[in-house]
Amino acid sequence: MTDIAAWERSQHNGPQLRRPAAEQTEVPDQMFLLANLVIMVAYSAITMAIAVPVTRAGQLRTNKLAIATAMIFFSCAVGHGLHAFIALLAAVRPHGGHPGHAPPGDWFWTSAIWDACTAAVAVYYWSLRRSYGMLLGKGAIYVDPWSHRRLDEADAREQAARDVAEAHRITLSTVVEHSDDAIIGLTPDGLVTAWNQGAERIFGYPTEEMIGQPVGVLADAGAGDAHQREVLSRIREGARRVTYETRRLRKDGAPVDVSLMVTPIRDHTGALTGISTVARDVTAAKEHAERQRAVQERTQQAQRMESLGNLAGGVAHDFNNILAIIANYTEFALEETADRPEVHNDLIQVRTAVERATNLTRQLLTFTRGDAIQPRNVALNAVLAETQAMLERTIGEHIHLVVAPSEVPLTVRADPGQLQQVLLNLAINARDAMPEGGSLVLEANSAELDGDELNMQPPLPAGRYARLEISDTGEGMPPEVAERIFEPFFTTKPRGKGTGLGLATVYGIVTEAGGSVNLYSEPGVGTTFRIYLPLVDAPEDVTRGERPGAGPPRGDGRTVLVVEDEAALQRIITRILTENGYQVVAATDGRQALARYHQHGCDVLLTDVIMPEMSGPRLAELLTERQPGLPVIYMSGYSNGLLGSTHVLDGDIAFVEKPFTAADLLHKVAAAVENLHPAAVSARET
């Protein structure tokens, strides 16, 4: 537009103002042409600078403001190009003999129309500019609404992702902080950088006290600290994980067993930036495992004792039959050799040996819970007093005996003679453990058990029990001896000084009464046996005294059906009864006994308990159906352990234990005949 104004001014001034052509037009026209060309190139460059990025961004249709801006600069570039073209025409085609002045002609209107278009584009741009903001994204100048929404949505998604990540971080931090396990952060050198509530609970140190402290304060100054430094060194050298169990110290100095997992913390480059330690308190778990191990050992011990008991019981059962034969034949020989003193004295020695063997088998049967017992309600203080009276005469002056009865009455159900045997056996062992003298304490009291006690043989359920304590200040025993102390035939005494059945007998008596034994012994200090027995609320039983010196009455022709599968023992029984006025019908088993009964009948049934094909109780059941009220006497050499389910040991059942003497047998048969029911006599006569 500048060149047009200059042309108009030249027309108004007229010829009077003209100067020479070289002077008037050469320099201004060249400058005008050059200026428009430069401006055109600049606007074109700006247009390209806008259009190219918008095109690459795919916003030719959507980014209207950018396109309007490009159109303005493009229009200006074209306008200045037209002006330069008009100036160039004026320079090469002069008008009216005056070079440098080109008539406007059609080019004037062309330029004017283009300038009007440029103005229209400018108006369009400003109408758009009011609703657009600057586009900060790469490769664009302005942002259109659609792109703005996309950016807002992207910002919202990014913010949501940041919120989720923050919530996850907070949740993870909460889980770590409230974990029961100790989660500890360390520097590579072992300084504490993180300490959660689990660590406070396990180790007793508050967080503010541990941050910045070396983790070595939790380990002892010896092997524990050295091992901890070794683990940290392994992590620094590249170990991916180290797990182990160890013992650490709480703030109060108490030990705590922990399971540790130590792992490295590395950044994105793989450099070690820290160490994570997770510690779990396994003290209770280890105690439980130790308790389970102890229970398993007790179970194995009980199984071993059971196996040994079965073996010993089988031997004792068979041996009792042999002893019964030896003992009774010895008695027969003694009666026949009264006029031969030398033979008579030899037979007395045989009888003494038989009595010792009988006591030995009874100890075996007691250990195996096979000895015949007669349990009743017994006052512990009374048993303690009777034992004290015996010990004061036999224990020796070098032993200081202390007896402490219970302050309250304690009643248990057991065989009183066997309880005395328990106390005597333990007292004798205590005396032998104190050859230079010492103290022996017998005490009765009660105790509450929770059922989880260790070293109870066998274990007992929770409840209140009577307790007998036998303590001495003797030599004590090492653990390896204490583990086997109740095994039969195990003894630490010199050869010939003990049979190894004393404590096995104690074990059998106590377990038969439903109790348990606890042993504590320390070499050089002494030994304490604690015997636990179930308490009963019933009062003490009163027993009837036996008639002293009363001989067995004769049989007066009464018929006894003898059922015994041991032929030699059957002959002895037959001889004893026959020589004392009884008639004997003998049988070797139940079927033969039934046949003999149908032939001869009987007044008394004397039968073994355990027999092949038919047991003694079954035989008695069949005969009492035929002859109600028939007296029955059971005999056996192996009683409680095997006979518990037969009920032949109930209080109202007549029972004679093998090996028995002639007097024992005759008294039992005589008592049965005295109680012969009239219905039984009537049934037999019928």
- Near Lys286, which aspartates and glutamates are there with a Cα under 14 Å away, not counting those fewer than 8 places off in the same chain? Glu245, Asp257
- Of all accessible heavy-atom area on the range 499-539, the percent that carbon and sulfur account for (1.4 Å): 54 percent
- Task: Decide, for the range 568-608, between rounded, prolate and oblate: order the square roots of the alpha carbon gyration tensor eigenvalues as a ≥ b ≥ c, take rounded if a/c falls under 1.5, and otherwise choose prolate if a/b is larger than b/c, else oblate.
- Result: oblate
- Message: How are the alpha carbon pair distances in the range 554-632 distributed across 5 Å bins from zero to the largest one, expressed in percent?
- Response: 3, 17, 30, 26, 17, 6, 1
- Describe numerically, in nm with one decimal, the distance between label points set 7 Å from Cα along Cα→Cβ at Trp126 and at Glu436. 12.5 nm
- Item | Approximate spin-label separation Ala154-Ala568, in nm, with each point projected 7 Å along Cα-to-Cβ | 11.2 nm
- Distance in nm between label sites at Arg413 and Gln349, each 7 Å beyond Cα in the beta-carbon direction? 4.8 nm
- Which whole-angstrom value gives the distance between the alpha carbon centres of the range 562-577 and the range 373-450? 41 Å
- Cross-link partners of Lys64 among aspartates and glutamates (Cα-Cα below 20 Å; sequence separation of 8 or more within a chain): Asp144, Asp152
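The values are calculated or read from the model by the stated rules, or taken from the named source; none is laboratory data. These numbers come from a predicted model, not from an experiment. Cβ atoms come from the backbone with ideal geometry, glycine included; neighbour counts cover every protein chain shown. The accessibility values were calculated without ligands, DNA or RNA, using every heavy atom of the protein model including side chains. Shrake-Rupley method; radii C 1.70, N 1.55, O 1.52, S 1.80 Å.
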